[in-house]
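Please read the structure below before turning to the comments.
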Amino acid sequence: MMIVMKESATTDQVEAVVRQVEHVGARAHVSKGELHTVIGAIGDREHVANLELDGMPGVDHVVPITRPYKLASLQFKREEYSVFDIGGRKVGGNNFMMIAGPCTIESRDQMLTAAAAVHEAGAQLLRGGAYKPRTSPYSFQGLGEGGLRLLAEAREETGMPVVTELMDVRDLEPILEVADVIQVGARNMQNYTLLTEIGRAGRPVILKRGLSAQLEELLMAAEYVLKEGNEEVILCERGIRTFESGYRFTLDLMAIPVLKQHTHLPVIVDPSHAAGRRDLVLPMSMAAAAAGADGVIVEVHPDPEHAICDGPQQLRTTEFEHYLRQVEAAASLAGKEVAAKV
Ligand SMILES: [Mn+2]
């Protein structure tokens, strides 16, 4: 539940409520607004039911949060959407974030060429995988730390903040040296120990929806990161598995408006992995943008025919600018803007 303090509440009164929350075994999450301090009491239902707050000095009113996720809920932020800053680029609110770059970091030339092209066209964040979750253990598994060094070089050259995937908690340290945003892949969405460690690391996160995860499960996964005090979680719809076999996954665009009814966290879409095919990436990106997504994360490669991984779905660097302009036009239908080039 959420305890809204009076405007006149003193620090001592806030602390007394926090002690009462902790006394019953729940956690207190204090957020100071402009007028009111709000205390989130997070814990099992039984804990919170034992809270006796009636008549405590300084308490204005108590709002029950009915969903199993608390910190991720829109109620918790009093119906306001979160906006965060990633290296000077904003995500959430009326900002549309374009995240682009190759699937996998393959070589210096490939990474720097892709980075320069997406930067020139106006993307805000650069993506590139150094650790790759592959369906086959015999497929290329990524360049690892060598890849991270190339990503750091690309950031240096373009000034773009970078996004890269963390698969294993043992790689957290090298990733923290480079990544401005940590990506959690669909297959790790419910890796709760990984999510907890990322929560503690305090770096912005893109959390991808599992291929068979319900929206509530996605929000519960986000809650693992949030409960460690890391508030910068971006949710990512990337296609779910259905009976349809005409394309790789079914991009669940309905997730965008529905998530927006329940959570304050930004919601972006990955059209590349959902489609598995280049020709579907533009129409699905435009649909996502028009449906109110806060951004897209898209794969772009200078020579997709020779890409080590996900070649058929990667946009060509030469077509990226046209792509971005079209998606930007769709985003403006939903009242969002792609920030001017930095
Ligand atoms: Mn990929």
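Examine segment 129-136 for a residue that is over 17 Å from the mean Cα position of the chain (by Cα), among the β-branched types (Val, Ile, Thr), within 16 Å of the ligand (Cβ to nearest atom) and open to solvent by less than 40 Å² (accessible area, probe 1.4 Å), and state whether such a residue exists.
Step one: filter segment 129-136 for residues over 17 Å from the mean Cα position of the chain (by Cα), giving 130-136.
Of the ones still in play, those that are also among the β-branched types (Val, Ile, Thr) are 135.
Keeping just the survivors that are within 16 Å of the ligand (Cβ to nearest atom) gives 135.
From what's left, open to solvent by less than 40 Å² (accessible area, probe 1.4 Å): none.
Looking for residues that are over 17 Å from the mean Cα position of the chain (by Cα), among the β-branched types (Val, Ile, Thr), within 16 Å of the ligand (Cβ to nearest atom) and open to solvent by less than 40 Å² (accessible area, probe 1.4 Å), one finds none in segment 129-136, hence no.
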- Query: What is the number of the single condition among (1) within 16 Å of the ligand (Cβ to nearest atom); (2) within 15 Å of the chain's Cα centre (by Cα); (3) not aromatic (Phe, Trp, Tyr) that Ala72 does not meet?
  - Reply: (1)
- Task: Quickly run through segment 75-103 and pick out the residues that are small (Gly, Ala, Ser) and within 16 Å of the ligand (Cβ to nearest atom).
- Result: Ala100, Gly101
- Only one of these conditions is not met by Leu51: (1) within 24 Å of the chain's Cα centre (by Cα); (2) within 17 Å of His29 (Cβ to Cβ); (3) of a type outside the set (Gly, Ala, Ser). Which number is it? (1)
- Task: Consider only pairs whose beta carbons are under 9 Å apart and that are at least six residues apart or on different chains; among these, list those whose first residue lies in segment 10-23 and is assigned to a loop (DSSP other than H, G, I, E, B) and whose second residue is open to solvent by less than 30 Å² (accessible area, probe 1.4 Å).
- Result: Thr10/Gly58
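Would you point out which residue out of Ala339, Ala329 is more than 16 Å from the ligand (Cβ to nearest atom) and either over 24 Å from Thr158 (Cα atoms) or open to solvent by 60 Å² or more (accessible area, probe 1.4 Å) (or both)? Outline the logic, then answer.
Working: Ala339 fails: either over 24 Å from Thr158 (Cα atoms) or open to solvent by 60 Å² or more (accessible area, probe 1.4 Å) (or both).
The conditions single out Ala329.
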- Note on the structure: Counted residues in segment 279-316 being buried (at least 18 other Cβ atoms within 10 Å of the Cβ), more than 19 Å from the chain's Cα centre (by Cα), in a helix (DSSP H, G or I) and within 16 Å of the ligand (Cβ to nearest atom) come to 3
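Residues are listed down the side, and each one gets a yes or a no for (1) more than 28 Å from Ala72 (Cα to Cα); (2) acidic (Asp, Glu); (3) modelled with pLDDT of 95 or more:
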{"site": "Ala255", "(1), (2), (3)": "no, no, yes"}
{"site": "His264", "(1), (2), (3)": "no, no, yes"}
{"site": "Arg278", "(1), (2), (3)": "yes, no, yes"}
{"site": "Ala293", "(1), (2), (3)": "no, no, yes"}
{"site": "Glu305", "(1), (2), (3)": "yes, yes, yes"}
{"site": "Phe320", "(1), (2), (3)": "yes, no, yes"}
{"site": "Val327", "(1), (2), (3)": "no, no, yes"}
- Would you mind telling me which numbered condition in (1) hydroxyl-bearing (Ser, Thr, Tyr); (2) at pLDDT 85 or above; (3) farther than 30 Å from Ala28 by Cα Thr135 fails? (2)
- Item | Subset tally (residues that are touching a residue at least 24 places away in the same chain (Cβ under 8 Å) and more than 20 Å from Val269 (Cα to Cα)) for segment 293-308 | 5
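Yes or no: Ala100 open to solvent by 10 Å² or more (accessible area, probe 1.4 Å), farther than 24 Å from Ala221 by Cβ and of a type in the set (A, V, I, L, M, F, W, C)?
Details: open to solvent by 10 Å² or more (accessible area, probe 1.4 Å): no; farther than 24 Å from Ala221 by Cβ: yes; of a type in the set (A, V, I, L, M, F, W, C): yes.
It is false that Ala100 is open to solvent by 10 Å² or more (accessible area, probe 1.4 Å), farther than 24 Å from Ala221 by Cβ and of a type in the set (A, V, I, L, M, F, W, C).
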- Asp60 is checked against (1) in contact (Cβ under 8 Å) with a residue 12 or more places away in the chain; (2) closer than 15 Å to Met220 by Cβ; (3) surrounded by fewer than 19 Cβ atoms within 10 Å (Cβ to Cβ) and fails just one. What number does that condition carry? (2)
- Query: With respect to the numbered conditions (1) under 22 Å from Arg127 (Cα atoms); (2) within 16 Å of the ligand (Cβ to nearest atom), which one is the sole condition not fulfilled by Leu265?
  - Reply: (2)
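The values are calculated or read from the model by the stated rules, or taken from the named source; none is laboratory data. Small disclaimer: the values here were computed from a predicted structure and weren't measured. Positions of Cβ are generated from backbone atoms using ideal geometry, with glycine treated the same way; all protein chains shown enter the neighbour counts. What goes into the accessible areas is simple: the full protein's heavy atoms, side chains included, and nothing from ligands, DNA or RNA. Shrake-Rupley method; radii C 1.70, N 1.55, O 1.52, S 1.80 Å.
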